[in-house]
1. Do we find a residue being closer than 21 Å to Arg195 by Cβ, modelled with pLDDT of 95 or more, in contact with a helix residue (DSSP H, G or I) (Cβ under 7 Å, 6 or more places away or on another chain) and surrounded by 20 or more Cβ atoms within 10 Å (Cβ to Cβ) anywhere in region 140-153?
2. Can you pull out every residue in region 164-205 that is without any contact (Cβ under 8 Å) to a residue 40 or more places away in the chain and touching a Gly at 6+ places or on another chain (Cβ under 7 Å)?
3. Would region 73-88 turn up any residue that is assigned to a helix (DSSP H, G or I), touching a helix residue (DSSP H, G or I) at 6+ places or on another chain (Cβ under 8 Å), at pLDDT 95 or above and within 30 Å of Gln138 (Cβ to Cβ)?
4. Within the set of pairs 6 or more residues apart or between chains, which connect a residue that is closer than 15 Å to Ile51 by Cβ and part of a helix (DSSP H, G or I) inside region 127-138 to a residue that is charged (D, E, K, R) and modelled with pLDDT of 95 or more with Cβ atoms less than 8 Å apart?
5. Can you tell me which residues in region 40-69 are closer than 28 Å to Phe119 by Cα and in a helix (DSSP H, G or I)?
6. Return yes when Asp161 is under 25 Å from Pro32 (Cβ atoms), charged (D, E, K, R) and in contact (Cβ under 8 Å) with a residue 12 or more places away in the chain and no when it is not.
7. Just one of Ala81, Ala71 is farther than 19 Å from Pro180 by Cβ, in contact (Cβ under 8 Å) with a residue 12 or more places away in the chain and crowded, with 20+ Cβ neighbours inside 10 Å; which is it?
8. Count, please, the residues in region 155-209 that happen to be under 19 Å from Gln138 (Cβ atoms), in a loop (DSSP other than H, G, I, E, B) and touching a Lys or Arg at 6+ places or on another chain (Cβ under 6 Å).
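The values are calculated or read from the model by the stated rules, or taken from the named source; none is laboratory data. If you're wondering where the values come from, they're calculated on a predicted model, not measured in any experiment. Cβ: placed from backbone, ideal geometry, glycine included. Neighbour counts: every protein chain shown.
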Amino acid sequence: MTNGPVSNESLLAQLRWRYAVKRFDPARKIAPADWKTLEEALVLTPSSYGIQPWKFVVVTEQATKDRLVPAAWNQRQVADASHVVVLCIKKHLTADDVDAFVRRTAQVRGVAPESLDKFKAMMVGDLIEGARSWVINQWAANQVYIALGNFMTSAALLGIDTCPMEGFEPPKVDQVLGLPKKGLGSTVLCAAGYRSSDDKYASLPKVRFPVDAVVERI
């Protein structure tokens, strides 16, 4: 048993409890304090270089959630959930994005921006001028999925249900939310709230391969 703040049993129990909710209870809303915690969890997500090439658009207005349904292959989760997080990439990162991150780092850590010049040059050389620049949007999308996993695990630990969703049309979601003019592109959705009592998927056994089939110890 770990001596950490969360026991082994509690962690695994919540991961076993969670599932991709198919039917949310539209009458149940996430408490503001809990949602604030989940937003902080998103912000605390690690990313390569720490550069955070993302933005998280939170949708709670019912009319907007309803408008997202056709763009999400008519899946009702986006309408019935308490909150919908649209995890977006910042499209086509530029040297200005790197500079903003360097300035933020200097501010938070109380150092001169010039002291980070080598770090800045390394990021620019890799992300903006190097081979990775050719696939920068896909690279950013990979980072977004780290945030998705962090969000879902954090929600489960709070007893809040989620449903990650790739089944949607990004151009339509982008249009509904006005993302192109902000330089953003939707990558994955995550509905959050509380499962409906009549969601049959809640009682289905979780299907996973045994540990030894997926974990190789060398």
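1. Yes: one or more hits.
2. Pro170, Asp174
3. Yes: one or more hits.
4. Arg132/Asp126; Asn137/Lys91
5. As a first pass, look at region 40-69 and keep what is closer than 28 Å to Phe119 by Cα: 40-56.
Glu40, Ala41, Leu42, Val43, Ser48, Tyr49, Gly50 - these are the residues of region 40-69 that are closer than 28 Å to Phe119 by Cα and in a helix (DSSP H, G or I).
6. Working: under 25 Å from Pro32 (Cβ atoms): yes; charged (D, E, K, R): yes; in contact (Cβ under 8 Å) with a residue 12 or more places away in the chain: yes.
Yes.
7. Numbers: Ala71 fails: farther than 19 Å from Pro180 by Cβ.
The conditions single out Ala81.
8. Going through region 155-209 one residue at a time, the tally reaches 1.
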